[in-house]
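For reference, the structure is listed below as structure tokens.
What follows is calculated from the coordinates using simple rules that are stated; it is not laboratory data. In this text, all values refer to a predicted model and were calculated from it rather than measured experimentally. All Cβ positions, even for glycine, are placed from backbone atoms using ideal geometry, and neighbour counts span all protein chains on display.
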Amino acid sequence: MNVENNKQPAGSLKISQDVLATISNFAAEEIDGVVSLANTYAPIKNFLKKGSIGRPIQISLNDDVAVIDISVNLKYGANIPQVAETLQKAVKDAVQNMTGITVSKVNVHVAGIVFPETAPVQQ
């Protein structure tokens, strides 16, 4: 008796952009030199509207191909090109491995540099 396996999907799978942003966030937190994500500002025409501060991670999905924009604050003294390249690879790998969605680009926006806090001088 020959039984063929029917490999048709039982339904569909949709992954929220918030899930992709969460994965990207965790990947970014693991990179040495990244201090935090940075809020971005919406275009000037929306500046006066409530909620004009944008999210630090923006996801654009088109035909199951993602473009990810991530804004970060880096540690003072970090090699910016090296940290950005490491961040791009980490985010791309994490999203693709966990979701199967192709990531065509990861655009890194360095929004700020965080200086180490200096201890108060004791007299």
### Query
aspartates and glutamates near K92 by alpha-carbon distance under 19 Å, same-chain residues fewer than 8 away left out - which ones?
D18, E29, E30, D32, D63, D64, D69
### Task
Using only the Cα atoms of the stretch 17-114, build the gyration tensor, take square roots of its eigenvalues as a ≥ b ≥ c, and label the shape rounded, prolate or oblate: rounded if a/c is under 1.5, else prolate if a/b is larger than b/c, else oblate.
oblate
## Note on the structure
If amide H atoms are modeled at 1.01 Å from N in the peptide plane, then the residues at a separation of 5 or more from V103, or on another chain, having amide H under 5 Å from its own are A66
### Protection proxy ranking of 82-93, 59-70 - average other beta-carbon atoms within 10 Å, highest first
82-93, 59-70
### Message
Per-residue counts of other Cβ atoms within 10 Å, averaged by peptide: what ranking do you get for 21-32, 105-116, highest first?
### Response
21-32, 105-116
## Note on the structure
Percent antiparallel among DSSP beta bridges confined to the stretch 17-114, nearest 5, equals 50 percent
### Query
Got a sec to turn the phi values of the stretch 61-73 into Karplus ³J(HN,Hα) couplings, 6.51 cos²θ - 1.76 cosθ + 1.60 with θ = phi - 60°, whole Hz, x for Gly and Pro?
10, 9, 6, 6, 10, 9, 10, 10, 10, 10, 10, 9, 9
